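First comes the structure, then the notes that go with it.
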Amino acid sequence: MTTPEGSARVLPQVAPGRDTFDALVIRTDFGDDESWQAVLGELRLPWGPDGEFPARVCVVDEPAWSGAAADEVLAAVDDDDYLSVVFLADRHTTESPVRALLALSTIWEDESGLDPVYYQELLDAPEPREFRTVPGQVHAVHVNVTLGTMGFGEFAAAASKEPDQVLRPF
């Protein structure tokens, strides 16, 4: 989907009735329905150490989101004060053998006004904004980041240690 030059694309409202503990997954690639169905199947599986937690996911599967970039999605979900991470099913997801979704942090600090005397470490190494994860980790990431039991950066660090940079179950 392309927009005329000089005009901004307007994305639809994102799941206004979404529960805080429903992971938000937005489909942005519509080129491979078979791969997408496999992603959905994995997202709907129970999760946890023994599979004791039911899957809670809010899926946005609307062609209006086709080709939406990470920044567009983050701008579209900016008003959701209770959303700390959003997952994109993009072209990389459908082409990846492990169907790796893009996890995006919706929380970031504006570092432009920070005093470098006190905040140099933060300025030198800002929190990561994204990483890839297998669908089976979406719920663990979402719940732990939402509750604050683990930070987005901890999950990103774990993903960065994998050879393909994709978070898998610990």
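Computed over protein heavy atoms with a 1.4 angstrom probe, the accessible surface ordering of Ile107, Ile26, largest first, is Ile107, Ile26. Whole Å is fine, so just give me how far the alpha carbon centre of region 124-170 lies from that of region 22-81. Going from one Cα centre to the other spans 16 Å.
Extending 7 Å from Cα along the Cβ direction at Ser66 and again at Glu95 yields two label points whose distance is 1.8 nm.
Between Gln13 and Glu127, what FRET efficiency comes out of the Förster formula 1/(1 + (r/R0)^6) with R0 = 30 Å and r the beta carbon distance, rounded to 0.05? Calculated value: 0.65.
Quick check: residue separation of Ser160 and Arg44 times 0.36 nm, minus the Cα distance between them. What number comes out in nm? Don't jump to the answer; show the numbers that get you there.
On the way: separation 116, 0.36 × 116 = 41.76 nm, distance 2.55 nm.
Extending this stretch completely gives an extra 39.2 nm.
Of the trypsin sites (Lys or Arg not before Pro) found in region 123-170, those that fall in a DSSP loop while having at most 14 other beta-carbon atoms within 10 Å are Lys161.
The values are calculated or read from the model by the stated rules, or taken from the named source; none is laboratory data. As the structure is a prediction and not an experimental result, all values here were calculated from the model. No Cβ is skipped: glycine too gets one built from the backbone with ideal geometry, and neighbour counts run over all protein chains shown. Please note that ligands, DNA and RNA were not included when accessible areas were found on the heavy atoms of the full protein model with its side chains. Shrake-Rupley method; radii C 1.70, N 1.55, O 1.52, S 1.80 Å.
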